[in-house]
Amino acid sequence: MTEPRRPSIAPEFLEILACPIDLGRLELRDDRLACSRCGTKYRIEADGIPNLLIDAAELPAGAASHTEIEGWKQRNRPEL
Ligand SMILES: [Zn+2]
């Protein structure tokens, strides 16, 4: 019997990873890496390497494209 291999990522590796869209922290959620800011989810390949390509990412509900998320980021940016 073979169980499906759950991807795992070393915590110290996870710590240096960031969302390519807004540089938000990524956290392991189920078998994906989810951005704590914009909610975009990134797949983890079978070999445990996260796929951080925006084109391959799963965008959060309501976002039509990653450029739209870029827009959210601009809007949420605090006034300096
Ligand atoms: Zn993000």
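Throughout, read-outs are computed from the coordinates displayed, never taken from laboratory work. This structure is a prediction, so every number in the text was calculated from the model and none was measured. Here the Cβ positions follow ideal geometry from the backbone for every residue, glycine too, while neighbour counts run over all protein chains shown.
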When region 7-64 is examined, which residues are found to be among the polar types (S, T, N, Q) and crowded, with 16+ Cβ neighbours inside 10 Å?
Thr40
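Which residues, taken from region 18-42, are closer than 13 Å to Ser8 by Cα and in contact with a helix residue (DSSP H, G or I) (Cβ under 6 Å, 6 or more places away or on another chain)?
To start, the set of residues in region 18-42 that are closer than 13 Å to Ser8 by Cα comprises 27-33.
Correct list: empty.
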How about region 17-33: which of its residues are among the aliphatic types (A, V, I, L, M) and over 12 Å from Leu52 (Cβ atoms)?
Leu28
In region 14-35, what residues are assigned to a loop (DSSP other than H, G, I, E, B) and more than 10 Å from the ligand (Cβ to nearest atom)?
Leu17, Asp30, Asp31
Within region 36-55, work out how many residues are away from the ligand (no atom under 14 Å from the Cβ) and not in a loop (DSSP other than H, G, I, E, B).
3
